[in-house]
Structure formats: structure tokens, C-alpha cells
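Please read the structure below before turning to the comments.
What follows draws every value from the coordinates through simple rules; no lab data is involved. Since the model is a prediction, treat every value here as computed from it, not as a measurement. With ideal geometry, Cβ positions are generated from the backbone for all residues, glycine too; neighbour counts draw on all protein chains shown.
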Amino acid sequence: MKLIIAGSTGFLATELTRQSLSNPLITSLITLGRKPCPPPDPSTLLPNADLSKLKSVILEDFDRDDYPDNIKSDLSNADACIWTIAITPAQLKTVPWETTVKVCRDYAVTGIKVISSLTDKRLFRFVYVSGANAVRDPAKKPLLLGDYCVLRGEAENKILEFGKTSGGRVEVAIAKPGIISGPTKETGVLARVFFGVVGIGKVRVGQVAGALLEGVAKGFERETYENEDLVRVGSGTVGGVE
Ligand SMILES: NC(=O)c1ccc[n+]([C@@H]2O[C@H](COP(=O)([O-])OP(=O)(O)OC[C@H]3O[C@@H](n4cnc5c(N)ncnc54)[C@H](OP(=O)(O)O)[C@@H]3O)[C@@H](O)[C@H]2O)c1
């Protein structure tokens, strides 16, 4: 299968790439980002990693309704896309709100629309990686990061709606991880206590990547993967075991 990972440079995208390189079901891997995909660290690669199937595609500006023809050609005929591009809560203080809205919602909506239109495959799978605290009903806006949680929930709604109106051609899943940690990013003790108190779960980056790759390759187990689903499904995958 041909898989597109949107957000080549990110924490989760890097792990998705690492696992995909050794996944025999993935025969072509495209990373899509405004910067090139960093070369995978050879010391972290899993057995049988095949770097020849990886192509890094650069779209310098995602703020558009359509993609240039050369990019579309690289993205054509994909079986699936995992969308990890977002402004994370840690960046909210430095990124203008208008940009956050575009990056978290509009870029993904354009992404699913454009990329799904470029494939002749009978079925195209798309995962939007959101967050555990995103709310689809604005009336449930939480006290902490309220506008951001509503924005991410609005993006989830739009992506789900796109799948529903595709006549079964585009299958959509939403991933809602809690706090993701991994070998390159461990969560501090204070943060773990805080997130425990506010009820946000933890998951390893290998588990998130393993669960999502299983979903795009073999079929989604569910439409919405809550944090506990990612832990459970991801733990049973090769990449989910550290
Ligand atoms: N990490 C966590 O603990 C956690 C927890 C829950 C949910 N999530 C969700 O998981 C997803 C991935 O998170 P992550 O930790 O991998 O985030 P990350 O490391 O910050 O990666 C975010 C990606 O978005 C891209 N991006 C940001 N602004 C962009 C722009 N204006 N144009 C194009 N690309 C842009 C970044 O590219 P550049 O390098 O070019 O900026 C990067 O590739 C996000 O949806 C996040 O909300 C993460």
C-alpha cells in the first residue's frame, strides 16, 4: 500500500515513519511537510527497514485550497493518509490564533479533500490525529484550553463529515491520544501528576503509531480511537513494544 504521513518533521510523524519503513504492508511511503523529512537515525531503525520506499515531499505553504500539480503527482493513488500536522498546546503562546485555526482545521480539511481526490483506489483511509481533550460539542467547552479544544473538535467534525458524504469511498478515523511520550520525549513527574489529576491519559508514541498503522493497513477497528484504544491496539503491534 501507499501511505502518506502528513507532518514529516513532527514527534509522532517521525515514529510513524520509523515503523512504516519496516512494515511489509507499506510498499510506498510519502512524508508531506513544509520542511524535508529528516533522514531516519540508523540506530533507531527496526529490522528489515527499507529506506528505498521513502520519499519526502515538500509543500512550503499549506495555506491554499489546492496543491500544485507536481505535489499532486507525488501524492496520487495513495491508499491512506495519517494527518499529524497541528499547532500543539505548547505552541499556542507563540502562534497567532488565526494561524492555529488554519493549521489545525483548514489544512487538514484541504488535505483530505485534495489527497482523496487523487486516488483511483476503491477505498481511501484517512486518520486525523487530534487530542484527548478535543470536544465536538462547543457547549462542552472545557475550562482549560477551551477555544483550542473546541477548534480541534470542530476539525474532527469536518473530517468525519467528509467521510460520511464520500459514499463509502473515504473511510475516516479520529485518534485522540492523551499525553504522548517516547524515548526522545519523556513526560516529567509534575506533568504526569497534573495530567493524572485532570484525567488525561498517557500513551507511548510507539503505541500510537502502531495502532494507526494497523488501522490504515488492515482496517479501522473503530471510528474514534480514544487514548485507551491506542494503548490497547498499539501494545499488540511490533512498534508498540519498547
Ligand atoms: N505530543 C503529544 O503529547 C500529543 C498529545 C495529544 C495529541 N497530540 C497530537 O498529535 C499530533 C502530532 O503531534 P506531535 O507531538 O507530533 O506534534 P509536533 O512534533 O509539534 O509536530 C507537528 C507537525 O505539524 C507541522 N506544522 C506545524 N505548523 C505548520 C504549518 N504552519 N505548516 C505546515 N506544517 C506545520 C510541523 O512541521 P514544522 O516542523 O515544519 O513546524 C510538524 O511536522 C497533533 O495533532 C497533536 O495535537 C500530540
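Quick one: Tyr128, Tyr67, fewest Cβ neighbours within 10 Å first, how do they rank?
The fewest-first ordering by Cβ neighbours comes to Tyr67, Tyr128.
Which GluC sites (Glu not before Pro) does region 157-209 hold that lie in a coil by DSSP with at most 16 other beta carbons within 10 Å?
The qualifying sites are Glu186.
Just want the answer: with Cβ charges of +1 for Lys and Arg and -1 for Asp and Glu, which residue in Val216, Thr165, Pro142 is farthest toward the dipole's positive end in region 2-235?
Comparing the listed Cα positions along the dipole, Pro142 ranks first.
My understanding is that a pair violates if its Cα-Cα distance is over 24 Å; which of Lys113/Lys140; Lys2/Lys218; Lys102/Lys164; Lys53/Lys218; Lys121/Lys218 do that in this structure?
Table pairs above 24 Å Cα-Cα are Lys113/Lys140.
Which lysines does Lys185 reach when only Cα atoms under 19 Å apart count, and residues fewer than 8 places away in its own chain are ignored?
Lys176, Lys202
Suppose only helical runs count, i.e. DSSP H with n ≥ 4. What mean residue ellipticity at 222 nm does that imply for the chain under -39500 (n - 2.57) per run, divided by all residues and rounded to the nearest 500 deg cm²/dmol?
-10500 deg cm²/dmol
Which of the aspartates and glutamates could be linked to Lys158 by a straight reach, that is with a Cα gap under 16 Å, when you skip same-chain ones fewer than 8 residues away?
Asp65, Asp106, Asp137, Glu171, Glu223
Label Lys218 and Gln91 with points 7 Å out from Cα along Cα→Cβ: what is the distance between them in nm?
It works out to 3.2 nm between the two label points.
Quote the charge dipole size of region 79-181 about the Cα centre in Debye, to the nearest 20; the model charges only the Cβ of Lys and Arg (+1) and of Asp and Glu (-1).
Using only the charged Cβ atoms, the result is roughly 120 debye.
What fraction of the DSSP beta bridges in the chain is antiparallel, stated in percent and rounded to the nearest 5?
5 percent
Quick check: from the Cα gyration tensor, does the chain come out rounded (a/c under 1.5), prolate or oblate?
Judged from the Cα gyration tensor, the chain comes out rounded (a/c under 1.5).
Relative to the compact-globule scaling 2.2 N^0.38 Å, provide the ratio for the alpha-carbon radius of gyration of region 1-137.
Normalised Rg, Cα atoms only: 1.05.
Whole angstrom only: what separates the Cα centroid of region 95-150 from the Cα centroid of region 215-230?
If you average the Cα positions of each part, the centres end up 17 Å apart.
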